[in-house]
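Since the structure comes first, as structure tokens, the remarks are kept for the end.
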Amino acid sequence: MCGIVGYVGKRDALPIVVEALRRMEYRGYDSAGVAIVDDSGHLMVDKRAGRLENLDAALAAHPAGSFAGTTGMGHTRWATHGRPTDRNAHPHVSADGKAAVVHNGIIENFAPLRAEVEAAGIEFSSDTDTETAVHLLALEYDGGEHAGDFIGSAYAVLRRLEGAFTLVFTHADHPGTIVAARRSTPLVVGVGDGEMFVGSDVAAFIEHTRDAVELGQDQVVVITADDYTITDFDGVSQQGKPFHIDWDLAAAEKGGHDFFMLKEIAEQPQALADTLLGHFENGRVVLDEQRLSDGDLREIDKVFVVACGTAYHAGMLAKYAIEHWTRVPVEVELASEFRYRDPVLDRSTLVVAISQSGETADTLEAVRHAKEQKALVLAICNTNGAQIPREADAVLYTHAGPEIGVASTKCFLAQIAATYLVGLALAQARGTKYPDEVAREYADLERMPDAVAEVLKTGPAVRDLAQSLADVNTVLFVGRHVGYPVALEGALKLKELAYIHAEGFAAGELKHGPIALLEDDLTVIVIMPSPSGRAVLHSKMVSNIREIQARGARTIVIAESGDDAVRPLADHLIEIPQCSTLLQPLVSTVPLQIFAAALAQSRGYDVDKPRNLAKSVTVE
Ligand code: F6R
């Protein structure tokens, strides 16, 4: 996820663009850059790795009066292709220095396009997929079918791109015009008085106008100071969706939600889709910066997953999937325990380190320990260029976008999907699954963003329930099989956000001790296994609910729609979409996140910044 802004008007573009980037820094902060076109047809670009302050300092060092122009665009980056460096920062510029582009998303077919550009004798100055687009634009503009026609050239390039992207183009020969396009990533137009904006979200221009137009899928907008025109990629006229922004600025950054965490919960379908995007090509699962060959994967005889907190719960789920698909034994270990235990590792051990931040000290030390023991380390990380992926042998990035709320939500779902991709890649390399089985599992995964969107609709009912329980002191969570890590995750969310005593148990363990806690009105949240999965899991869980009810406890049951056996046993039933057993955690976790956030809110707590916690835990 990156932040994009474009401006055409009568005012100096630079301060408007830089301020917009500041408003959108929450979307990504690996690097930032601006491009300004002046009225005499000069393009000026500056871009810097790191926080926006680095760009501010670089811009301040330019002579006064430079970067003056009324057409401009900017970008704040959350790196996907290429490390977060100055050269990979956006905007990217054509070889003749006249065209510039900023981009959010992934151009999936960049490799053949890049080869085509290189064959035309153009040298790339970054490792990004984005740069391809600007060189293609220049080639088209300089000698293609649309020579001299900026807008026509931009359309010609857009029609050739595959993937998910928002792109904004500007050209020195055409001050006063910006072309922007959207496919699967957001773009809104801000309609001002004698000025127009494009932005990844309304935070980019809310200071200047509250009249906006939302672009639909596969639409292109051309803006000038006084007008905007929307078409499809073939230039056929289209309607945008006009709306008036009545949020304040703070709410705009949060997409209208009260807290970043609530926005991140709502973003989970996109986070999942983006994490899966581009990982199945020509009938095979591919992992991005894998750097592990099929040969390496075939040599592996044991997998360790190391992680902390929520990421550890994703690791627990990985064990179920990887062992089931590959028959390779998987151990899951808290990163903080791993290296002090003297685990048995060697060259044929794969250590999968899961970390949203990529900076967690416990996980980093576990990675170092694994490498000292000559194990292969694969990092699953959401932060491009962080220390853990840097030190790992291979990286699989979750493309969930920045997670600002301290409690991890969308990254948990993205981590589950990423570990499942690892499992499928291992199964594929080792031949423990036929290609058509791998394809079927992947297709099931690809349906999950829609299932998560569906389960989000339970939000209002779950929030009402949470509010009615605002005074509880203890909540227990029970689950079996993949429902067990979900129970642990539900309890962790409630502890950290609402400061309530919450415990997760494997349902079969209840009778070995925790059942003594049950009493009248104690709240127990039960995660029911899929009735379409192993019947024994389902029937054992039904018995567990009966045991809980018999002791007077209040049951909140999360069960698949159509699970009629459980309906009479639930004091409160939260229905989730039907899906296969291994995929169920992707939907069953979501109501638990909403429940914890709502309960915390009704107690008056700041769910983005729970007490005593930090987003990156860089001490052991
Ligand atoms: C809980 C939470 C933490 C993190 C843990 C690991 O909501 O966010 O438990 O999951 O601190 O952090 P990363 O994934 O950055 O290594």
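The values are calculated or read from the model by the stated rules, or taken from the named source; none is laboratory data. Because the structure is a prediction, the values reported are computed rather than measured. Note that each Cβ is placed from the backbone with ideal geometry, even for glycine, and that neighbours are counted across all protein chains shown. Surface accessibility is based on the protein's heavy atoms, side chains included, excluding ligands, DNA and RNA. Shrake-Rupley method; radii C 1.70, N 1.55, O 1.52, S 1.80 Å.
Treat every Asp and Glu Cβ in the chain as -1 and every Lys and Arg Cβ as +1, leave all other atoms uncharged, and give the resulting dipole magnitude about the Cα centre to the nearest 20 debye.
That gives a dipole near 1700 debye.
For segment 521-601, count the residues as N, evaluate 2.2 N^0.38 Å, and divide the Cα radius of gyration by that value, please.
Compared with the compact-globule rule of thumb, segment 521-601 sits at 1.07.
What is the angle, in °, between the Cα long axis of helix 459-468 and the longest principal axis of the Cα atoms in the chain? Nearest 10 is fine, range 0 to 90.
Helix 459-468 and the main axis of the chain meet at about 50 degrees.
Out of G148, H174, T185, whose Cα points farthest toward the positive end of the dipole of segment 108-246 (charges: +1 Lys, Arg; -1 Asp, Glu; placed on Cβ)?
T185
Taking the Cα centre of the chain as the origin and placing charges on Cβ (Lys, Arg +1; Asp, Glu -1), which of H501, T209, G255 is farthest toward the positive end of the dipole?
H501
I want to verify the translational diffusion coefficient of segment 253-446 in µm²/s; compute it with Stokes-Einstein, Rh as the Kirkwood radius over Cα pairs, at 37 °C and 0.692 mPa s.
Estimated diffusion coefficient is 198 µm²/s.
I'd like the orientation of helix 13-23 relative to the chain: the angle between its Cα long axis and the longest Cα principal axis, in ° from 0 to 90, rounded to 10.
0
Name the shape class, rounded, prolate or oblate, that the alpha-carbon gyration tensor gives for segment 3-245, where a ≥ b ≥ c are the square roots of its eigenvalues, rounded holds for a/c under 1.5, and otherwise prolate holds if a/b is larger than b/c and oblate otherwise.
It comes out rounded by the Cα gyration axes.
Mind checking the full-extension length gain between K540 and D56? Use 0.36 nm per residue of separation minus the Cα-Cα distance, one decimal, nm.
168.1 nm
Among T523, P91, T326, whose Cα projects farthest towards the positive end of the dipole of the chain, with charges put on the beta-carbon of Lys, Arg (+1) and Asp, Glu (-1)?
Most positive-ward Cα: T523.
Can you give the accessible area per residue of segment 3-245, in Å², using a 1.4 Å probe?
Here the residues of segment 3-245 average 35 Å² of exposed surface.
Treating the beta-carbon of each Lys and Arg as +1 and of each Asp and Glu as -1, no other charges, what is the dipole magnitude of segment 248-349 about its Cα centre, to the nearest 20 debye?
Dipole of segment 248-349, to the nearest 20 debye: 300 debye.
Express in % the proportion of alpha carbon pairs of the chain at distances exceeding 38 Å.
For the chain, the fraction of Cα-Cα distances above 38 Å is 36 percent.
Determine the sum of side-chain charges near P531: Lys and Arg each +1, Asp and Glu each -1, restricted to other residues whose C-beta is under 9 angstrom from that of P531.
Surrounding charge for P531 is -3.
With +1 on each Lys and Arg Cβ and -1 on each Asp and Glu Cβ, how big is the dipole of segment 457-620 about its Cα centre, in debye rounded to the nearest 20?
Approximately 200 debye in magnitude.
Given N residues in segment 132-256, what is its alpha carbon radius of gyration divided by 2.2 N^0.38 Å?
Compared with the compact-globule rule of thumb, segment 132-256 sits at 1.07.
Across segment 205-217, in residue order, what do the Karplus-derived ³J(HN,Hα) couplings come to in whole Hz, using 6.51 cos²θ - 1.76 cosθ + 1.60 with θ = phi - 60° and x for Gly and Pro?
Each residue's phi maps through the Karplus curve to give 9, 4, 5, 9, 7, 10, 9, 9, 9, 8, 7, x, 4 Hz.
For segment 448-481 and segment 302-335, what is the centre-to-centre distance using only Cα atoms, to the nearest Å?
25
Please compute, over every Cα-Cα pair in segment 76-125, the percentage with a separation greater than 14 angstrom.
60
Normalising by the residue count of segment 230-356, find the relative contact order in percent from Cα pairs under 8 Å and 6+ residues apart.
Computed value for segment 230-356: 21 percent relative contact order.
Determine, at each q value in 0.14, 0.16 (inverse angstroms), the log₁₀ of I(q)/I(0) that the Debye formula gives when each Cα of segment 457-620 is one equal point scatterer.
Cα-only, vacuum Debye calculation for segment 457-620: -0.67, -0.87.
Counting pairs of alpha carbon atoms under 8 Å apart in space and at least six apart in sequence, what relative contact order in percent does segment 457-620 give?
This gives 29 percent for segment 457-620.
Please compute the per residue accessible area over segment 253-446 with all protein chains in place, 1.4 Å probe, rounded to a whole number of Å².
34
Let me check against my output: what whole-number percent is the relative contact order of the chain, with C-alpha pairs under 8 Å and at least 6 apart?
11
Would you work out what percent of the accessible area of the chain, with all protein chains in place, is carbon or sulfur (probe 1.4 Å)?
48
With the calculation restricted to Cα positions, what are the radius of gyration and Dmax of segment 27-144 in angstrom?
For segment 27-144, the Cα radius of gyration and maximum Cα-Cα distance read 14.3, 42 Å.
If you take the C-alpha gyration tensor of segment 283-343, multiply each eigenvalue by 5 and take the square root, what semi-axes do you get, largest first, in whole Å?
Computed over segment 283-343, the values are 22, 14, 13 Å.
Skipping prolines and chain starts, which residues have an amide H placed within reach, meaning under 5 Å, of the one on F280, given they are 5 or more residues away or on another chain?
Placed amide hydrogens put V286 under 5 Å from F280.
Can you tell me the alpha carbon radius of gyration of segment 65-202 divided by the globular rule-of-thumb value 2.2 N^0.38 Å?
1.00
Using alpha carbon centroids, what distance separates segment 126-141 and segment 46-117, in Å?
Value for the Cα centre distance between the two parts: 12 Å.
Would you mind getting the Kirkwood hydrodynamic radius of segment 54-108 from its Cα pairs, rounded to one decimal in Å?
Hydrodynamic radius (Kirkwood, Cα only) of segment 54-108 equals 13.2 Å.
Using the structure shown, list the pairs from K374/K540; K319/K540; K10/K609; K302/K410; K47/K495 with a Cα-Cα distance above 31 Å, or answer none.
Pairs exceeding 31 Å: K374/K540; K10/K609; K47/K495.
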